[in-house]
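One structure is given below, encoded as structure tokens.
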Amino acid sequence: MLKINMFLFYLVAPFLALFLISSNFVDDSKLLNVEAQSLNDEISALHEETNNLAEKISEIGMIIEKHEEVFNNQNQKLTNLSELSASQRELSNDIYEQKILEMLGPAVEAHISDRTEIKIFKLNELDYRGYIAKVKLFDPKAFKVVLAKNTLGELETTSSAAKRKNAILAINGGGFYTETRNAKKYAQLIGNTVIDGKLVEPFNGYPGDLFFAGINKKGEVVGNVPQSESDISNLNPSQGVSFIPVLLKDGKKVDIPKKWKETRQPRTIIGKYANDDLIMIVVDGRQGNWSYGVSLERLQDKLLELGVKEAYNLDGGGSTAMYYNGKVLNRPSDGRQRPVANNIVILP
């Protein structure tokens, strides 16, 4: 009986194993179906999110296009306003220029290049005469302060310095005095002189009321009464000289010491208009049959009449000289040019 049972067991064993495997497969299949369904659900959800994202990107794209359109419109408006502003500014400058020229009268000499524009005018008042140069600096490097013979302590006439530097226009510069050093005459600059952005001597604040005036690196006239080296460096100067006193600031008179007010002398002036055009003036003096000279107080009034906004009194007297295009225009009071320690030249 045992043998029969064992025989039957071996006989059905393969089918039993197959059944068990099939049963496990069905369970695994059910599990796979569940996992597949879950994956399909996730794919569907992801697809829906992708569609939503695409819609949002499309919406963002439309917003960006709208903003871009608005930006372009605004940018065009700004461009139009800028062009209009530039046009109005140019028109305003032209009007201002015409007003200046009306006050100065007809030019007797003129020069224009890509570096400068220079117009020369006669100054004919009741009892004094001189010349005015109005200068536009297209290139600030055309304005130079020149040491006499390029050396501290030396002296040189304005015309000599101009010719040596091939300048078209020149005036005498800052103040100086002469002394003897090592048995030789030495021209000592007073105050502070800047050439090519550097002080040619250590800062000198004595006696405390000398101005420093010249141009900055943009070609604009600058000036102050410095009490320290930083007062000068803050101006970002390119070229400049010293003397006394300041005549005008911001289109208003500056108080002048009494000793300077009423004395009539030959004068040399540097200043500017509101549009930053330079103005250089020389007034002859000490010549009763030609020109008596002018007091600084009266000169202030004349400068305001001419529309000048800022002005400085440079070294005058026998030093006063203006050179233009190969000749000295004015009549120096000594009967000839006086050699000076530095000059201001304008290159053509």
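Throughout, read-outs are computed from the coordinates displayed, never taken from laboratory work. A quick note: this is a predicted structure, and the numbers were derived from the prediction, not measured. Quick reminder, even Gly has a Cβ in these numbers, built from the backbone with ideal geometry, and neighbours come from all protein chains shown.
Quickly work out the residue 236-to-residue 253 label distance, labels modelled 7 Å from Cα along the C-beta direction, and quote it in nm with one decimal.
A separation of 3.4 nm, rounded to one decimal place.
By per-residue mean of other Cβ atoms within 10 Å, what is the highest-first order of 176-183, 164-171?
Averaged packing, sorted descending, gives the order 164-171, 176-183.
I'd like the FRET efficiency for residue 60 and residue 217, computed as 1/(1 + (r/R0)^6) with the beta carbon distance as r and R0 of 56 Å, rounded to 0.05.
0.70
Given labels modelled 7 Å from the Cα in the Cβ direction, how far is it in nm from residue 185 to residue 97?
Placing both labels 7 Å beyond Cα along the Cβ direction yields 4.4 nm.
If you average the sequence gap of Cα pairs under 8 Å that are 6 or more apart and divide by the length of segment 159-313, what percent do you get for the contact order?
Once normalised by length, the contact order is 19 percent.
Please list, in order, the residues from segment 223-264 whose amide nitrogen is less than 13 Å from a point placed 7 Å along the Cα→Cβ vector of residue 203.
Hits in segment 223-264 for residue 203 at 13 Å: 225-236.
By per-residue mean of other Cβ atoms within 10 Å, what is the highest-first order of 95-102, 191-198?
Taking the mean over residues of other Cβ atoms within 10 Å, the ranking is 191-198, 95-102.
Pop a pseudo-label 7 angstrom from the Cα along the beta-carbon direction at both residue 152 and residue 228 and give the gap in nm to one decimal.
With each label point 7 Å from Cα toward Cβ, the separation is 2.3 nm.
Where the centre of each part is set by its Cα atoms, how far does segment 189-257 sit from segment 104-183, in angstrom?
With segment 189-257 and segment 104-183 each reduced to a Cα centre, they are spaced 18 Å.
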